[in-house]
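Comments concern the structure below.
Just so it is clear, none of the values below were taken in a lab; they were calculated from the coordinates. Remember, predicted model here, so these are calculated numbers, not experimental data. All Cβ positions, glycine included, derive from the backbone under ideal geometry; neighbour counts span all protein chains shown.
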Amino acid sequence: MIGGRILDASALAAFAIGRPVYVRALVWAAVEENIVLAIPSAALGRAWSLVDPEHHAALQVLLGLPNTVIDELSPAMAQESGLLMAASGQDDLVTGQVVAASRRRGWPAVTGDPGALRKMDVGVAIEELP
């Protein structure tokens, strides 16, 4: 089984700005070890809004890496995310897609906001940013 990580919007923004440096180290180690980095499309959209234009090139670099894949918000993923939101009483589609992707792939979500993910699913695997 190929392992990997799910990157949420906070992890994507951290990579783009370089703080904490942990995310860049994780990404480059993943490239060297051929570990897949899955990016939920809703999280990517939020990351673009969080990052100042001078850091957009770094996001482009991440998206161009051979081990990066985009998890699209397909109808099935939208349903899974929506059902998670309904069951938890939350209404954040970005978080819903991150949690759904983590559950579906069985990979931890890299995040600077573990509380938001755990509100949706207390059992979601998390790799918290320092």
- Working carefully through the options ILE70, ILE17, ILE39, find the one that is of a type in the set (A, V, I, L, M), over 14 Å from GLU127 (Cβ atoms) and in contact with a His (Cβ under 8 Å, 6 or more places away or on another chain). ILE17
- Might you check whether a residue that is in contact with an Asp or Glu (Cβ under 6 Å, 6 or more places away or on another chain), small (Gly, Ala, Ser) and not in a helix (DSSP H, G or I) occurs anywhere in region 95-107? no
- Query: Name the pairs: first residue in region 55-76 and over 11 Å from LEU7 (Cβ atoms), second residue loosely packed, with under 13 Cβ neighbours inside 10 Å and not hydroxyl-bearing (Ser, Thr, Tyr), Cβ to Cβ under 7 Å, at least 6 apart or on different chains?
  - Reply: ASN67/ASN34
- Task: Hey, can you tell me all the residues within region 109-123 that are touching a Leu at 6+ places or on another chain (Cβ under 9 Å), among the hydrophobic types (A, V, I, L, M, F, W, C) and under 11 Å from GLY96 (Cβ atoms)?
- Result: MET120
- Just need a number here: residues in region 93-112 that are in contact with a helix residue (DSSP H, G or I) (Cβ under 7 Å, 6 or more places away or on another chain) and crowded, with 18+ Cβ neighbours inside 10 Å. 11
- Query: Which numbered condition trips up ALA47, out of (1) among the aliphatic types (A, V, I, L, M); (2) surrounded by fewer than 18 Cβ atoms within 10 Å (Cβ to Cβ); (3) within 16 Å of ILE17 (Cβ to Cβ)?
  - Reply: (2)
